[in-house]
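Structure first, then comments.
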Amino acid sequence: MTTTIDVSGKENINLTFTKSNKGQLLLVLNGYLYKCNKKTANKKYWICTYKECKKSIHTNPNDVYVCGGTDPHDHEPNPDMIAARNIRNKIKERALQEIIPISMIYEQELSNSSINSTTIAILPTCQELGPTVTKVRAKIVPLLPQSYLFDIPDKFKETLDRNRFLLMDELIARRERILVFSSDHQLDLLFSSPIVCLPCAFCLLINKKAITYRHIFTELKQMATQRNKMFAPQVIMTDFETGVSPVIKSEFPSAHHYACFFHFIQAIFRQIQLRGMQCDYVSNEDFRILCRKLMALVLMPRDQVFIGFEEIQAAADRLDGSQMETLLTYFEDNWLCNIDLWNVSRCDTRTNNVCEGEYTE
C-alpha cells in the first residue's frame, strides 16, 4: 500500500529522533523510521528502516532537515510502534539514572504516557523487557564483590534525596563485616512502632550467628538512645533462623516473638519435597488435603493444636500406604515442642511481610 505525505515546505518538517535496540539514532517523520545510511562533511543520508523501502531524507551534520521525506512510501506508517519504542527507550534511560526497581519504572512510564491500546499491545511486558533493561543497568552498577573488603560508591551511601543511608559499616571480627542501611526517617519509624510491618533497617551480615544478631540489636538500641527513643517493640516476627530466637528472648524479654506463617508453610512443603512426596501431593487429593490440614495447624487456637494433630494422625492411618508417617514424625519432633513460636492464630499480621499477612488471613 502506498502512503502519500502531505508536506508543503521545510517549515512544516518536524523531525524527531529515537533509538534502536542497539542505541543507534533513528530519525522519525510522519510515522516512519529512518536510519543513518551515510555521512559526509556536509550531509547525513537517512534511509527508511523497512527493508524493501528505499525512501530517504537528507539532513545536515546537526540533524537539521535539508530535503527528502516527501515521496510516498511502499508501506503504511506505524506510529504505534514508534510510541512503544519511545516508552521502551525511556525505561532504559531511567534504569541508567535511577536505582529504583525496573518494574516500578515500567509502571510509572506506562501510567504517565498517553498511549492507545495498540501501543500497549506492541510494548513488551515488564517480564519480557526486564532482562534487556537489567543488562543495560549492569553496565553502570558495580560488579558483585569477590571479597568482604570493598569500597561502597558514594551514591549507594545516600538516599535519592542525598541524605545518609549507610548507617553502619563495621568489622566485628576478622573477615566479619556488617553493613546496615537505614535513613533517619526509617530509624524513627523503627524506634517508635510497637509492630514494624515494613523493612526499616537493612542488615547485610556475613553469617547467622547469635553473636552477630546481638551486636546488631545492641547497636540499634544505642542509636535509639541517641535519638531520645527506645527500641522496645512489643511484637517481633521473624523467619526460623536458629541464631536469632535466643537473642530476641534475651534482648527483648517483654516482646512477643512469632515466626512467619509464610516461612512455616514453606518449611513444611520443603519436607514434602525432600521426602519425595511432591508427586503424591499433586496427584492424590486425600494426601494433599491432609498436608494442608497439617499446615493449617498454624492458624488453629493454641489449645486445639494437639487435638487437630491427632485427628490428622487418625486420618493418615486410614490412608492407603504410609506416605504420611515420616512427615508426621518430622512434624511431631520439630514443631509440637514449641507451638507458641509458630502459632499465629492471635496475630493481626501473620507474616513478616504485611502484604502477605493481609492476603493470607
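Here are some notes:
- Full extension of the chain segment joining ASP169 with GLU332 gains 54.5 nm, where the gain is 0.36 nm per residue of separation less the Cα-Cα distance.
- Estimated FRET transfer efficiency (GLN146, MET104; beta-carbon r; R0 30 Å; 0.05): 0.50
- Listed candidates (1) 26.5; (2) 19.5; (3) 22.7 - label of the one calculated as Kirkwood radius over Cα pairs in Å: (1)
- Among ARG94, ARG85, ARG275, the largest mean-square fluctuation in a Gaussian network model of the chain, built with springs joining Cα atoms closer than 10 Å, belongs to ARG275.
- MRE, 222 nm, helices only [DSSP H, n ≥ 4, -39500 (n - 2.57), over the chain, to nearest 500]: -12500 deg cm²/dmol
- Annotation: extensible slack from THR238 through ASN78 equals 52.3 nm (criterion: 0.36 nm per residue apart, minus Cα-Cα distance).
- Residue among LYS135, LYS35, LYS51 with the largest mean-square fluctuation in a Gaussian network model of the chain, springs linking Cα atoms under 10 Å: LYS51
All of the numbers you see were taken from the coordinates with simple rules; none came from a lab. Because the structure is predicted, anything quoted here is derived from the model rather than measured. All Cβ positions, glycine included, derive from the backbone under ideal geometry; neighbour counts span all protein chains shown.
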